[in-house]
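S.K.: Before I ask anything, let me first share the structure, which is written out below as structure tokens.
A short reminder: the numbers here are calculations on the coordinates, not readings from a lab. On a predicted model such as this, the values are computed, not experimentally measured, just so you know. Here the Cβ is made from the backbone with ideal geometry for all residues, glycine too, and neighbour counts use every protein chain on show.
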Amino acid sequence: MAPYPPCWLSAPHSAWISRPPASRWGASLADEVYCYVPSASQTEKEDSQREGVKLVVAPGPGSERERLLRRPPLPAGTKPDFIIGHGRITGHAALSLVADHFPNSQRIHFLHAAPGRIEWFTEQDVSKDAAETADAREQFELELAGAAQLLVAVGPRLQREYERLLHPRSRKVHAFVPGLSAVEPLDGPPRDVQILLPGRAEDATLKGLDIATRAVALASKSTQFVNEKLILLVRGAPARTGEQLRKDLYGASGSTAFDLRVKPYSANAEHILSDMQQSSLVLMPSRSEGFGLVGLEAISAGVPVLLSNRSGLAELINSLAPQDASHHVVQMHEEGDGMARKWAGEIVFILRDRSASFPRVRRCGVTCKTRFPGASRSRACSMN
């Protein structure tokens with residue numbers, strides 16, 4: 001560690017530009033934190049500045065990947081003590097920045113995904129095989145990890161995954177757990193019942209969109225909802241695919257008894273928070289999820305959430321707030337209608353008495369903050 005407050009340069013994962021827990025963690029430890037991005041709006045620059053993070057836009061023409069390999073236009077004399085890369089998205093950029101421009105910097109590599117877990121559930125090009133893709137991406141992550149001075153996995157689930165993969169190399173992998181956001185929960189839910197399903201819809205099978213839509217279709221048949229239509233808001237359609245996605249999801253659900261609405265994918269923190277605060281429940285039925293940041297944001301906002309037990313966040317809740325876990329974590333042990341019926345039952349239970357469900361999720365958030373000090377700081381996280 002440098003004898004003076006260190007300078008950090010982060011090449012962030014795309015989803016962390018507008019929701020930057022890692023940058024906040026760096027800002028809490030360093031005198032200067034720069035976030036190297038391919039582009040940034042004035043709003044993003046101002047928001048980051050308030051967090052003590054300065055956005056630096058990559059110069060010149062070329063693709064985003066190419067521009068992030070160039071020397072960043074930092075103030076004269078600035079030499080980062082640490083350079084952070086995120087998975088295969090920007091890990092290569094961090095590696096190149098150290099090798100080509102800042103040879104004395106220490107490189108920190110963040111691990112966001114486990115290819116060996118998730119590639120079986122993602123859409124594959126007809127010329128590719130899921131096993132081959134998983135192996136290639138796993139090997140690339142291990143190559144990026146190899147020369148890094150510090151390895152950090154997001155959450156306990158990914159920590160264990162990479163501890164196993166790197167065991168032959170005797171590498172230590174730290175767990176990084178984002179803190180709860182400093183969001184003031186609203187007094188309660190709106191009168192109309194909306195369920196939010198966020199996530200990149202191009203990974204529909206991985207994110208469990210089929211499970212969610214079928215479960216909401218079954219829940220909508222409950223006598224509780226005879227006189228109203230449940231609203232299911234799917235936030236995450238790729239550009240120009242929303243209309244087709246809506247048709248496909250209605251078809252998969254086997255019902256039009258609920259009001260299905262689709263919005264394009266957005267990494268804008270204000271849009272996501274607004275979606276949550278309009279909702280009575282957030283669903284995260286992923287078949288595999290390294291952590292589940294969106295679920296943590298729902299808890300921060302005081303909105304009830306149902307999480308797949310195959311997520312790092314579910315493991316964290318089981319550990320920190322076991323008395324609350326049964327209200328938020330759904331076991332994923334089967335496929336087909338059995339899985340959908342299980343999720344439908346949990347949905348009906350939460351929506352049957354929203355006046356109890358909202359205080360319950362707030363209690364879960366308070367418990368997590370109490371038992372995990374890192375989660376109680378609005379602008380920091382924890383590593384161990």
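S.K.: Along its three principal axes, how long is region 194-371 when you only count alpha carbons? Whole Å, largest extent first please.
M.R.: 45, 36, 30
S.K.: Evaluate the distance, in nm, between pseudo-label points positioned 7 Å from the Cα of LYS128 and of ARG169 along their respective Cα→Cβ axes.
M.R.: If labels sit at LYS128 and ARG169, their model points lie 2.2 nm apart.
S.K.: Turning to a different aspect of this structure: Under a 10 Å cutoff between Cα atoms, tell me which one of VAL303, VAL216, VAL262 has the largest fluctuation in the Gaussian network model of the chain.
M.R.: VAL262
S.K.: Here is a follow-up. Please compute the contact order of region 7-178 in relative form: average sequence separation of alpha-carbon pairs under 8 Å and at least six residues apart, divided by the residue count, as a percent.
M.R.: About 18 percent, as a whole number.
S.K.: Given an 8 Å cut-off on Cα distances and at least 6 residues of separation, report the relative contact order of the chain as a percent.
M.R.: Relative CO of the chain lands at 16 percent.
S.K.: GNM on the chain, C-alpha springs below 10 Å: top fluctuator among ALA239, ALA252, ALA219?
M.R.: ALA239
S.K.: Using only DSSP helix segments of four residues or longer, with each worth -39500 (n - 2.57), what per-residue ellipticity at 222 nm results for the chain after dividing by its residue count and rounding to 500?
M.R.: Value at 222 nm, helices only: -12000 deg cm²/dmol.
S.K.: Additional query: Using 0.36 nm times the number of residues separating LYS247 and ARG160, minus their current alpha carbon distance, what extension gain do you get?
M.R.: Length gained between LYS247 and ARG160: 27.4 nm.
S.K.: How far is it, in nm, from the label point at ASN318 to the one at ALA136 when both lie 7 Å from their Cα along the line to the Cβ?
M.R.: In this crude label model, ASN318 to ALA136 measures out at 3.3 nm.
S.K.: For region 54-73 and region 260-315, write down the distance between their C-alpha centroids in whole Å.
M.R.: 31 Å
S.K.: Three principal axis extents, largest first, for the C-alpha atoms of the chain, in Å?
M.R.: Principal extents (largest minus smallest coordinate, Cα): 67, 49, 42 Å.
S.K.: How much FRET efficiency would the formula 1/(1 + (r/R0)^6) give for ASP100 and ASP187, where r is the Cβ-Cβ distance and R0 is 45 Å, rounded to 0.05?
M.R.: Plugging the Cβ-Cβ distance into 1/(1 + (r/R0)^6) gives 0.25.
S.K.: GNM, the chain, Cα, under 10 Å: largest mean-square fluctuation among ALA314, ALA40, ALA113?
M.R.: Between ALA314, ALA40, ALA113, it is ALA40 that shows the largest mean-square fluctuation.
S.K.: Across 5 Å bins from the origin, how do the percents of Cα pairs in region 7-178 run, short distances first?
M.R.: 1, 9, 17, 20, 20, 15, 10, 5, 2, 0
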